[in-house]
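First up is the structure itself, then whatever we jot down about it.
The values are calculated or read from the model by the stated rules, or taken from the named source; none is laboratory data. Note that the coordinates shown come from a computational prediction; the quantities given were computed from them, not determined experimentally. In this analysis, Cβ positions are derived from the backbone assuming ideal geometry, glycine residues included, and neighbour counts consider all displayed protein chains.
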Amino acid sequence: PVVVVLNPECTRGARAEDAKCLARKVNAMLVSEINMEDLLDAIRKARRGKISELPDGAENLTNMIIKL
């Protein structure tokens, strides 16, 4: 289970749109307001969620390089 928490104080980090994209890709819960209730709710929902299976990026990149 994955929970992504936006940090409004970190201005040089990932933007909200990037965090939303990541959360969708890895099937994570996104928390935009940092408070205990929202965090606990996101953790509960993340535990019930389905774990994403992503392709092995390193293997795919290796195969692409070998084909060059």
- Residue by residue through the range 27-38, note down the ones that are of a type in the set (A, V, I, L, M, F, W, C), surrounded by 12 or more Cβ atoms within 10 Å (Cβ to Cβ) and modelled with pLDDT of 90 or more. A28, M29, L30, V31
- Message: Can you pull out every residue in the range 1-41 that is of a type in the set (A, V, I, L, M), within 21 Å of D56 (Cα to Cα) and not in a helix (DSSP H, G or I)?
- Response: V2, V26, A28
